[in-house]
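J.: Attaching a single structure in structure tokens format; questions to follow.
The values are calculated or read from the model by the stated rules, or taken from the named source; none is laboratory data. None of these values were measured; they are calculated from a predicted model. Every residue, glycine among them, receives a Cβ derived from its backbone with ideal geometry; neighbour counts consider all protein chains shown. Only protein heavy atoms, including side chains, enter the accessible area calculation; ligands, DNA and RNA are left aside. Shrake-Rupley method; radii C 1.70, N 1.55, O 1.52, S 1.80 Å.
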Amino acid sequence: QVQLVESGGGLVQAGNSLRLSCAASGRTFSSYAMGWFRQAPGKEREFVAAISWSGGNTYYANSMKGRFTLSRDNAKTTVYLQMNSLKPEDTAVYYCAARSGGISDARQTYPYWGQGTQVTVSS
């Protein structure tokens, strides 16, 4: 089992950047694929990006490609989501999640979730 804690959210102006972190506890962190999802008010939780257990494979939602970069440091049991060129429509609560096996964009396949961190982008 793994526990996840997100941090790094906040209020930024459009065009600026934020880096979110997801710190994991548990000795098997390096065996988990990690994903980021987000949920805006009144909307369903949507996929943002995912990374394989080794960090060798990443997958992004189309609207995030070229702006967001996902990485991980297994020695620090932490995953990072670098978000550049932020837009007001990126405003949401961002959640990290963990799953055994390969990367996935399906939230129902992730059994472990953090509590989320709020990102607000002003225009």
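J.: For segment 106-123: of the residues being part of a strand (DSSP E or B) and among the hydrophobic types (A, V, I, L, M, F, W, C), which is most open to solvent (accessible area, probe 1.4 Å)?
T.: W113
J.: Got at least one residue in segment 49-68 being surrounded by fewer than 15 Cβ atoms within 10 Å (Cβ to Cβ), touching a helix residue (DSSP H, G or I) at 6+ places or on another chain (Cβ under 9 Å), at pLDDT 95 or above and closer than 20 Å to S122 by Cα?
T.: There is no residue in segment 49-68 that is surrounded by fewer than 15 Cβ atoms within 10 Å (Cβ to Cβ), touching a helix residue (DSSP H, G or I) at 6+ places or on another chain (Cβ under 9 Å), at pLDDT 95 or above and closer than 20 Å to S122 by Cα.
J.: Would you please list the contacts, defined by Cβ atoms under 8 Å and residues six or more apart or on different chains, that run from a residue in segment 87-115 that is in contact (Cβ under 8 Å) with a residue 40 or more places away in the chain to a residue that is surrounded by 12 or more Cβ atoms within 10 Å (Cβ to Cβ) and among the acidic types (D, E)?
T.: Qualifying pairs under 8 Å: Y94/E6; Y95/E6; C96/E6; G114/E6; Q115/E6.
J.: Could you pull out the residue among Y32, Y80 that is open to solvent by less than 20 Å² (accessible area, probe 1.4 Å), within 18 Å of Y112 (Cα to Cα) and not acidic (D, E)?
T.: Going through Y32, Y80 in turn, the sole match is Y32.
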